[in-house]
Amino acid sequence: MTKYIFVTGGVTSSLGKGIISASLAKLLQARGYRVTIQKFDPYINIDPGTLNPYEHGECYVTEDGAETDLDLGHYERFLNVPTSQANNITTGRIYQNVINKERQGEYLGKTVQVVPHITDEIKRNMRILGESGQYDIVITELGGTVGDIESLPFIEAVRQFKWEEGANNAIVIHLTLIPFLAAAGELKTKPTQHSVKALLEYGIQPDILVCRTEHHITPDIRKKIALFCNVNINAVVESIDASSIYSVPLLMMKEQLDKTVLSKLKLPQKNEPDMESWKDFLGRLKNPTAEVKIGLVGKYIELPDAYKSITEAFIHAGAKNECKVRVEYIHSESLYDDNAKEKLSHLDGVLVAPGFGSRGIEGKIDTIKYVRENEVPFFGICLGMQCAVIEFGRNVLGLEGANTVEIDENTKFPVINMMEDQKNITTKGGTMRLGAYPCDVKKGTKAFAAYGKSHISERHRHRYEFNNEYLKQYEEAGMIASGTNPDSHLVEIVELKNHPFFVGGQFHPELKSTVANPHPLFVKFVAAAMEYAKKKIKK
Ligand code: GLN
């Protein structure tokens, strides 16, 4: 029988519910439990695929092609287990399901209402992963903050769910803030008391409180919180600010969050969590023997969450290489041919980011010209790879005005073209080429050296592709297709033969990088940057 843990948030947003959920899941997994995490988001978009990254950070894509919340990326990076469409549900999707059922006559004769129809549909979705039989424990993170109008139906669904499953089968962890008032020199518990009171008004007594704080919580404060919020003292858990999100599982282990959870759920403790390989990763992360500076050239750099998976993949690859990777965000709109040297020459590697639309694209192309000519290690992802193809077309093959038809429909040299099966699509939500596709990697290439195998699978999110009519011309001039889709022959990886490291992927390798499995292309890219840095010092 599956047990359920709900994670709610109080006082403010951005307390790190996703990291707490992932850390708890990691500890339970390390004790031998099969765990998954799902996220319920209260907004009305069907999924975050149509949201601007400035609004909601990166859109994370799962194996099965769902466009989801970036917290799913944390779940996968911590657990090393893939998520799917079922792991991310929005209010929009809940309403869409209910309205579709209404049109099909499923509620014939009835008034369709928030309670019970919307709450029933929420509960049905909360149980889908549990009922698959694949998991012992399902953690459900509720987006938003308790008290928000839009999250009310979810809170009511949790109340009913708890009542239906019983106290030992479903518990609520409430994440709150204990602010430190500098003027008073004190930690304050009142916001937490109020936020628990709000939950109580909705009929939910939280079982465990995780208290985010900048300073250690004293035993007296723990006692006070326990007393006024109706929980045991050992159910008041400190979550102190950490230097790395990857330290949080160990902090939670010290606080015995996993033990408390298991005893509330009446589950055996099994063995102590086996966190050896995690500690090994942290050791390498915190004791680097080298350092590189890598430029991330993109147009959403004002909000680092827009490139979350990329920055995390650098952390994994850095630890693997025992190298500190300093990522410098560079606005693609601030770059052009004339200042490329000034902006880029201090870097040991450059990654050109994914993206959509024309803003900043010429800056990306000029960046690539600089790194190609100066043999700086380069890694292009999706639009970044497409820009590499455009740059090579214009400046090496002499195809003046070469472009992607996404930017210039009438270009004389459409080296990046719209994919055939995208041409008749007019709607925007969930219609790109999404999710995992196979790719054959050519032996003797840099891609092969990274993966060490011929058959790989990577995740996608795009509408445009390398135009194969130009392939022969490109390969003869030194830009080769080192990875292709075995069925459609779509070019998945390009690289330069005569360059220390110049690789572009049509897919998103960053989505598959985890603590346990750093992505091989990122690992090789960081290694190439280390090599470049060493040579620079010698020079
Ligand atoms: N805009 C490009 C396309 O749709 C690249 C997409 C991306 O970078 N994710 O093909």
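The values are calculated or read from the model by the stated rules, or taken from the named source; none is laboratory data. All figures in this text were calculated on a predicted structure; none of them were measured in a lab. Cβ coordinates were reconstructed from backbone atoms using ideal geometry, including for glycine residues, and neighbour counts include every protein chain displayed.
Scanning the stretch 21-54 for residues that are surrounded by fewer than 18 Cβ atoms within 10 Å (Cβ to Cβ) and either closer than 23 Å to residue 248 by Cα or touching a His at 6+ places or on another chain (Cβ under 7 Å) (or both) returns 32, 34. Hey, among the residues in the stretch 400-432 that are at pLDDT 95 or above and touching a helix residue (DSSP H, G or I) at 6+ places or on another chain (Cβ under 7 Å), which one's surrounded by the fewest Cβ atoms within 10 Å (Cβ to Cβ)? Per the criteria, the residue is 400. When the test is whether a residue is of a type in the set (Lys, Arg), without any contact (Cβ under 8 Å) to a residue 12 or more places away in the chain and closer than 30 Å to residue 258 by Cβ, residue 34 does not pass it.
Looking at 517, 485 in this structure, which one is more than 14 Å from the ligand (Cβ to nearest atom), polar (S, T, N, Q), over 21 Å from residue 420 (Cα atoms) and modelled with pLDDT of 95 or more? Residue meeting the stated conditions: 517.
Residue count for the stretch 123-143 under the criterion of being under 13 Å from residue 89 (Cα atoms) and in contact with a strand residue (DSSP E or B) (Cβ under 7 Å, 6 or more places away or on another chain): the result is 7. Among residues of the stretch 144-165 that are farther than 16 Å from residue 9 by Cβ, those with a Cβ under 9 angstrom from a residue that is of a type in the set (Lys, Arg) and crowded, with 20+ Cβ neighbours inside 10 Å, sequence gap 6+ or separate chain, pair up as 165/3. Return the pair list, or none, for Cβ contacts closer than 6 Å from residues in the stretch 363-388 that are within 17 Å of residue 521 (Cβ to Cβ) to residues that are within 13 Å of the ligand (Cβ to nearest atom) and hydroxyl-bearing (Ser, Thr, Tyr), at least 6 apart or on different chains. Taking only residues 6 or more apart or on different chains, the pairs are 386/404. For the stretch 187-226, the set of residues classified as among the acidic types (Asp, Glu) and without any contact (Cβ under 8 Å) to a residue 40 or more places away in the chain consists of 201, 214, 220, listed by residue number. Checking the stretch 305-323 against the condition returns no match, with no residue being assigned to a loop (DSSP other than H, G, I, E, B) and under 19 Å from residue 57 (Cβ atoms). Do we find that residue 54 is hydroxyl-bearing (Ser, Thr, Tyr) and at pLDDT below 95 in this structure? Answer is yes for this residue.
Note on the stretch 399-423: residues that are under 29 Å from residue 522 (Cβ atoms) and away from the ligand (no atom under 14 Å from the Cβ) amount to 1. Is there a residue being outside any strand (DSSP E or B), within 16 Å of the ligand (Cβ to nearest atom) and surrounded by fewer than 20 Cβ atoms within 10 Å (Cβ to Cβ) anywhere in the stretch 438-461? Checked against the condition, which is being outside any strand (DSSP E or B), within 16 Å of the ligand (Cβ to nearest atom) and surrounded by fewer than 20 Cβ atoms within 10 Å (Cβ to Cβ), the stretch 438-461 yields no hits at all. Within the stretch 366-398, being away from the ligand (no atom under 16 Å from the Cβ), buried (at least 20 other Cβ atoms within 10 Å of the Cβ) and assigned to a loop (DSSP other than H, G, I, E, B) holds for 376, 377. Restricting attention to the stretch 399-427, the residues that are part of a loop (DSSP other than H, G, I, E, B), within 26 Å of residue 503 (Cβ to Cβ) and among the polar types (S, T, N, Q) add up to 1. Taken over the stretch 463-473, the residue count meeting the criterion of being in contact with a Phe, Trp or Tyr (Cβ under 9 Å, 6 or more places away or on another chain) and either free of Cβ contacts under 8 Å to residues at least 12 places away in the same chain or buried (at least 23 other Cβ atoms within 10 Å of the Cβ) (or both) is 1. Within 14 Å of the ligand (Cβ to nearest atom), at positive phi and in a strand (DSSP E or B), is that true of residue 430? No: the conditions fail for residue 430.
Of everything listed in (1) under 24 Å from the mean Cα position of the chain (by Cα); (2) of a type in the set (Gly, Ala, Ser); (3) outside any loop (DSSP other than H, G, I, E, B), the single unmet condition for residue 144 is (3). State whether the residues of the stretch 215-228 include one that is surrounded by fewer than 21 Cβ atoms within 10 Å (Cβ to Cβ), in contact with a Phe, Trp or Tyr (Cβ under 9 Å, 6 or more places away or on another chain) and farther than 20 Å from residue 118 by Cα. Yes, the stretch 215-228 has at least one match.
With respect to the stated conditions, residue 82 is within 28 Å of residue 279 (Cα to Cα) and surrounded by fewer than 24 Cβ atoms within 10 Å (Cβ to Cβ). Screening the stretch 520-539 for residues that are surrounded by fewer than 24 Cβ atoms within 10 Å (Cβ to Cβ) and β-branched (Val, Ile, Thr) and picking the one that is modelled with the lowest pLDDT gives 537.
Only a single item in (1) surrounded by 22 or more Cβ atoms within 10 Å (Cβ to Cβ); (2) without any contact (Cβ under 8 Å) to a residue 60 or more places away in the chain is not met by residue 342, and it is number (1).
Take the conditions (1) surrounded by 20 or more Cβ atoms within 10 Å (Cβ to Cβ); (2) within 14 Å of the ligand (Cβ to nearest atom); (3) part of a loop (DSSP other than H, G, I, E, B); (4) at pLDDT 95 or above; residue 347 misses just one of them, which is (2). Within the stretch 124-136, which residues are farther than 18 Å from residue 174 by Cβ and within 25 Å of the chain's Cα centre (by Cα)? Correct list: 125, 127, 128, 129, 130, 132, 134, 135, 136. For the stretch 488-510, taking the residues that are farther than 29 Å from residue 64 by Cα and more than 28 Å from the chain's Cα centre (by Cα), the one that is nearest to the ligand (Cβ to nearest atom) is identified as 496.
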